[in-house]
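Read-outs: derived from the displayed coordinates by stated rules, not from any lab. Keep in mind that what you see is a predicted model, and the values were worked out from it rather than measured. Because the Cβ atoms are built from the backbone with ideal geometry, glycine has one as well, and the counts that use them run over all protein chains shown.
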Amino acid sequence: MSAGYIDEMHEAFHSDLVYRSEDIPLECSPKPRDMEHTLHGVMKLNGLVIRSLEEIAGRGANAVTYRAGKKFGHEVAKYFQKREDVEGALHELSDLLRGQYSFEVWKPEDKETFIIEENGETFIYLVFHDCIVRQTLRRNGLDQGGPLCQTLFGYVVGAIEEITGRKAKLEIVHTGPNACLKKLVLK
Amino acid sequence: MEIHVDKDACVGCGLCVKDCPMHVYELQDNVSVAVRPNNCMGCLSCHEICPAQALEHRGIYAARRHYIDIKVCEMLRKVV
Ligand code: SF4
Ligand code: SF4
């Protein structure tokens, strides 16, 4: 992955903001009029969740939501440029998710490269910053990591598969109120 | 990323040490110390778990918040 691409990503997620535990957010960000894309995304996603529920009812909530997300990912990514390289695919993916989710390629200090090989697996860590699923769960007082998160998993996997033509898997490593760490396993 | 632990507020419970997936904190003399701040990916789950509200992160990207109830905020503004 090129240094320019990584620097550009890191620049976008860096600020001089000081965040204290006791800070209470007093307003929505961004302003509601800037959220049109997000709202459209939610509406589309909900429609697909319902349709998929009808198709495979009884198979368990996670299976349903994962499938709905994956369909959405494949459907939307169909119109994007096909890429074989991971960097290109992640570029396409971040364009695709804009307005609903944002993510950054990430690595712990002790790793040399962003593409990590460990225990026979090749993967990339992705930190998801903006996420409509997390916002929805927190608005409703629900735990993170459950069926609704599976929609995002499916979405990312579907889109990556569509763009690269390769199989992929996404695993959750950690969830937080401000960001979540995920592992994109490349096959 | 700069992480500051308020030593006077920290009660040494070690919850942040256990919670952080990146092993950013260590307990030293019963106080949490951010020993690997560059490993922090800004999830802020440590803020949520710390009973003493002793933590402060600088240079963090604050995720967009879509779930704030405007009416509740108006009420809060009057008292905060
Ligand atoms: S914000 Fe997350 S990654 Fe950073 S120190 Fe806290 S728990 Fe660890
Ligand atoms: S969770 Fe808070 S009080 Fe407990 S050790 Fe960490 S900083 Fe100190």
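Odds and ends about this structure:
- Plainly put, the protein assembly as shown has a radius of gyration that is 0.97 times its Kirkwood radius, both from alpha-carbon atoms, as the Rg/Rh ratio.
- Greater than 29 Å apart at Cα, pairs in A:K111/A:K169; A:K82/A:K183; A:K183/B:K18; A:K31/A:K111: A:K31/A:K111
- Computed log₁₀ I(q)/I(0) - Debye formula, equal Cα scatterers, no solvent, region A:130-187, q 0.18, 0.22 Å⁻¹: -0.62, -0.85
- Judged by the mean number of other Cβ atoms found within 10 Å, the most tightly packed of the peptides B:29-35, A:69-75, A:148-154, A:102-108 leads the ranking A:148-154, A:69-75, A:102-108, B:29-35.
- Net lengthening on full extension, A:I6/A:E109 (0.36 nm per residue, minus Cα-Cα): 35.6 nm
- Lacking any other cysteine beta-carbon closer than 4.7 Å, the following Cys residues of chain B have no compatible partner: B:C10, B:C13, B:C20, B:C40, B:C43, B:C50, B:C73.
- Shielding of B:36-48 by partner chains, average beta-carbon count, 10 Å: 6
- Using the Cβ-Cβ distance between B:L76 and B:N30 with R0 set to 25 Å, the FRET efficiency from 1/(1 + (r/R0)^6) comes to roughly 0.10.
- Placing R0 at 25 angstrom, the Cβ-Cβ distance between B:D6 and B:E48 gives a FRET efficiency of 0.95 after rounding to 0.05.
- Computed from Cα atoms, the angle from the helix B:70-79 axis to the main principal axis of chain B rounds to 80 degrees.
- Computed label-point distance, nm, for sites A:E75 and A:E27 using a 7 Å Cα→Cβ extension: 3.5 nm
- Judged by the mean number of other Cβ atoms found within 10 Å, the most tightly packed of the peptides B:48-54, B:58-64 leads the ranking B:58-64, B:48-54.
- Each of A:L137, A:L17 was scored by other Cβ atoms within 10 Å of its Cβ. Arranged with the fewest first, they read A:L17, A:L137.
- Footprinting exposure proxy ranking of A:L45, B:L15, B:L27, fewest other C-beta atoms within 10 angstrom first, gives B:L27, B:L15, A:L45.
- Among B:M41, B:M1, a tally of other beta-carbon atoms within 10 Å of each Cβ gives an order, fewest to most, of B:M1, B:M41.
- FRET efficiency for A:D85 and A:S15, using Cβ-Cβ distance with R0 set to 25 Å, rounded to 0.05: 0.25
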